[in-house]
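Below is one structure, written out as structure tokens; the observations come after it.
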Amino acid sequence: QDAQWNDIDYMDGYRDFTFDSQKFASLPSLVEDLHKHGQHYVMILDPGISSTNPRGSYWPFDEGLKRGLFLNTTQGQPLIGQVWPGSTAFADFSNPDTHQWWLENLQHFHAHVPFDGLWIDMNEPSNFMDGSKDGCPPGELDSPPYTPAVLGDSLSSKTVCASAKQKASVHYNLHNLYGLMEAKATASALIQIRGKRPFVISRSTFPSQGRYSGHWLGDNRSQWKDMYYSIPGLLSFSLFGIPLVGADICGFSGSTSEELCTRWMQLGAFYPFARNHNTQNEKAQDPTVFSPAARTAMKDVLLTRYSLLPFLYTLFHHAHLQGDTVARPLFFEFPRDVATLGLDRQFLWGRSLLVTPVLEPGVDSVIGYVPQGIWYDFYQGYSVNSSGEMLKMSAPLEHLNLHVREGSILPTQKPGTTSEATRQNPLRLIVALSSSATAWGDLFWDDGESLDTFEQGSYSYLVFNVTQNVFTSTVLHASTETTKVTIGTLSIFGVQKPPSKVLLNGQEKPFSYLDNQVLTVSDLGISLSQGFSLQWL
């Protein structure tokens, strides 16, 4: 567990930048304790600012009013709607002065509760009234000649009036940008407060937002079909340039079941953004409430995710650099294979790890498409040679099918129970040989949280290659971070015949070779900052 999250329950009367001094009196010490264990704290924030407190008792509203930072009606008064705290005004993030006020509010709160990331919600913006407490004025902004088929057949349904005035323009022109502008203000505030990379998850999004935030797929239900629908959601947001995306694991509303939650934890461990989130007053769904068998299955798949963090992190580096997808539809990698075009029950991580989850109850197998070529079982390394076909895979409750594509090299790490603990452990490189016995992979490594590490050169980048029975690790760029990490094990899948010896930089090394054609060389103890070669004869 890397993070503890809080929904609106922590607030005092659901007001932003407050916490309940009765029920959450120990929140500051809880956060301090999380930090001691290398964990993080993320809380929710809404853009609706409570407007009915006695004057002088709630700084965020008083100050926002004084500086003129809220959406206004056509009459030039703050537009008042209703959200969780009751009557609210809405922050105008198209105004740069609002960004400064947002920062100051977050600074005040951070002094009491030193949060690490922010979860921004209700930012469509969402309103429990249609338009405002006074409705919306007549006119073509609020009642255009053509209304799209939106909820309630009105542009102001469950949001603010399209005629509302913002600094940059009328709300009609800015509505779809509201979440993006809030994400930008929030990311900027986090950078100024923490001096580290900002972590923001937003409900409302717009193209280019991947630069400022990730996204969760909103309020889903604890149902099998919702688990399935999350995959097209995941892949769509990857295409939109928002790679940090996931759905509420085990479902938000309704009550989950042990089987559904176990299968969802298996799928969710492969959401780039993995978070189990539940609504109030439903059955608990954290791993500890289930049977030992379900708990073990959940823990195992989370540890599998943690072991793959170096690979996942490298994929995010490529997403940062050139807009690559992280969770990837199969047709991206196999565009000429028409069978991949409609696949929405499986996905890839990068170009080389195929995830085939179970999406229905009461089964112990799953049918998945395996594109043409050699694929290796991630756990045991045995090969599957596919002609490009649907294959039935064994899938007991404790098993998630993962396959590694031929010709790839995955950097993995012995998992810990947090990413900070995992980072200290030795690496294991998994080599999946192609039919011509070649493979390629890479690894990006930095401190994981500093700003602009790539741009400033404080990172390491390694390329791994196999050709003619020689594995080579080449350090293309080095930083001090990598001297602390070692490569412990090399596992090579698809070695056709038993080697007689293995040489590490010319020196003989003990090895094991199993009849599933996996060659393993352990106890390498090589610093990540050093290139090396390993040959098998």
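The values are calculated or read from the model by the stated rules, or taken from the named source; none is laboratory data. Given the structure is predicted, the values throughout are model-derived calculations rather than measurements. Note that each Cβ is placed from the backbone with ideal geometry, even for glycine, and that neighbours are counted across all protein chains shown. Surface areas here come from the heavy atoms of the whole protein model, side chains and all, with no ligands, DNA or RNA. Shrake-Rupley method; radii C 1.70, N 1.55, O 1.52, S 1.80 Å.
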Count - residues of region 219-248 that are open to solvent by less than 10 Å² (accessible area, probe 1.4 Å), under 25 Å from V358 (Cβ atoms) and not polar (S, T, N, Q):
7
So D442 ticks every box in (1) open to solvent by 10 Å² or more (accessible area, probe 1.4 Å); (2) at negative phi; (3) not in a strand (DSSP E or B) but one. Which box is left unticked?
(3)
When region 210-222 is examined, which residues are found to be of a type in the set (K, R) and either closer than 15 Å to G268 by Cα or assigned to a strand (DSSP E or B) (or both)?
R221
Would you check which residues across region 445-465 are surrounded by 13 or more Cβ atoms within 10 Å (Cβ to Cβ) and either of a type in the set (S, T, Y) or not in a loop (DSSP other than H, G, I, E, B) (or both) and list them?
W445, S450, T453, F454, S458, Y459, S460, Y461, L462, V463, F464, N465
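With respect to L354, is the statement that it is touching a residue at least 12 places away in the same chain (Cβ under 8 Å), under 24 Å from T296 (Cα atoms) and more than 21 Å from the chain's Cα centre (by Cα) true?
No: the conditions fail for L354.
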In region 478-520, what count of residues is obtained for those that are surrounded by 15 or more Cβ atoms within 10 Å (Cβ to Cβ), not in a loop (DSSP other than H, G, I, E, B) and not small (G, A, S)?
16
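Go through S94, S87, S50 for me and flag whichever is open to solvent by less than 30 Å² (accessible area, probe 1.4 Å), within 24 Å of L141 (Cα to Cα) and of a type in the set (S, T, Y).
Values: S87 fails: open to solvent by less than 30 Å² (accessible area, probe 1.4 Å); S50 fails: within 24 Å of L141 (Cα to Cα).
Selected residue: S94, the only one of S94, S87, S50 that is open to solvent by less than 30 Å² (accessible area, probe 1.4 Å), within 24 Å of L141 (Cα to Cα) and of a type in the set (S, T, Y).
Return the total of residues in region 380-393 being surrounded by fewer than 13 Cβ atoms within 10 Å (Cβ to Cβ) and either charged (D, E, K, R) or not in a strand (DSSP E or B) (or both). Can you show your working first?
Step one: of region 380-393, the residues surrounded by fewer than 13 Cβ atoms within 10 Å (Cβ to Cβ) are 380, 385, 387, 389-390, 392.
Narrowing further to those that are either charged (D, E, K, R) or not in a strand (DSSP E or B) (or both): 380, 387, 389, 392.
Matching residues across region 380-393 total 4.
When you scan region 420-429, do you find a residue that is open to solvent by 70 Å² or more (accessible area, probe 1.4 Å), within 30 Å of Q4 (Cβ to Cβ), without any contact (Cβ under 8 Å) to a residue 60 or more places away in the chain and under 24 Å from the mean Cα position of the chain (by Cα), even just one? It would help to see each step written out before you state the result.
Taking region 420-429 and keeping what is open to solvent by 70 Å² or more (accessible area, probe 1.4 Å), we get 420, 424, 428.
Narrowing the set further to residues that are within 30 Å of Q4 (Cβ to Cβ) leaves 420, 424, 428.
Subsequent filtering for residues that are without any contact (Cβ under 8 Å) to a residue 60 or more places away in the chain retains none.
No, the conditions are met nowhere in region 420-429.
Quick grid of which residues meet (1) over 23 Å from the mean Cα position of the chain (by Cα); (2) over 21 Å from Q75 (Cβ atoms); (3) open to solvent by 80 Å² or more (accessible area, probe 1.4 Å):
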| site | (1), (2), (3) |
| --- | --- |
| F115 | no, yes, no |
| D130 | yes, no, no |
| Y146 | yes, yes, yes |
| L155 | yes, no, no |
Members of region 67-85 found to be over 28 Å from the mean Cα position of the chain (by Cα) and touching a residue at least 60 places away in the same chain (Cβ under 8 Å), listed by number:
L71, N72, T73, T74, G76, L79, G81, P85
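Give the number of residues within region 111-156 that are at pLDDT 95 or above and either within 23 Å of G86 (Cα to Cα) or not in a loop (DSSP other than H, G, I, E, B) (or both).
Quick first cut of region 111-156, residues at pLDDT 95 or above only: 111-144, 154-156.
From what is left, the residues that are either within 23 Å of G86 (Cα to Cα) or not in a loop (DSSP other than H, G, I, E, B) (or both) are 111-112, 117-137, 154-156.
Looking only at that region, the number is 26.
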Residue count for region 280-290, restricted to those that are farther than 25 Å from A327 by Cα and open to solvent by 40 Å² or more (accessible area, probe 1.4 Å):
7
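For Y369, indicate whether it is touching a residue at least 40 places away in the same chain (Cβ under 8 Å), aromatic (F, W, Y) and in a strand (DSSP E or B).
Numbers: touching a residue at least 40 places away in the same chain (Cβ under 8 Å): no; aromatic (F, W, Y): yes; in a strand (DSSP E or B): yes.
Judged against the criteria, Y369 is not a match.
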Every residue from region 171-209 that is over 28 Å from D447 (Cα atoms), of a type in the set (A, V, I, L, M, F, W, C) and either in a loop (DSSP other than H, G, I, E, B) or open to solvent by 40 Å² or more (accessible area, probe 1.4 Å) (or both):
L177, M181, F206
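What are the residues in region 521-535 that are of a type in the set (S, T, Y) and surrounded by fewer than 18 Cβ atoms within 10 Å (Cβ to Cβ), if any?
We begin by selecting, within region 521-535, every residue of a type in the set (S, T, Y); these are 522, 527, 529, 533.
Across region 521-535, the qualifying residues are S522, S527, S533.
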Subset of region 1-13, residues under 25 Å from F273 (Cβ atoms) and not in a strand (DSSP E or B), comes to Q1, D2, D7, I8, D9, Y10, M11
For region 255-264, how many residues are open to solvent by 10 Å² or more (accessible area, probe 1.4 Å) and under 17 Å from L359 (Cβ atoms)?
3
In this structure, does E360 turn out to be open to solvent by 20 Å² or more (accessible area, probe 1.4 Å) and more than 29 Å from W5 (Cα to Cα)?
no
Being touching a residue at least 40 places away in the same chain (Cβ under 8 Å), in a loop (DSSP other than H, G, I, E, B) and within 21 Å of the chain's Cα centre (by Cα) narrows T304, T325 down to just T325
Can you name every residue in region 325-342 that is surrounded by fewer than 19 Cβ atoms within 10 Å (Cβ to Cβ) and aliphatic (A, V, I, L, M)?
V338, A339, L341
Could you please find all residues in region 265-277 being open to solvent by less than 10 Å² (accessible area, probe 1.4 Å) and touching a residue at least 60 places away in the same chain (Cβ under 8 Å)?
Q266, L267, A269, F270
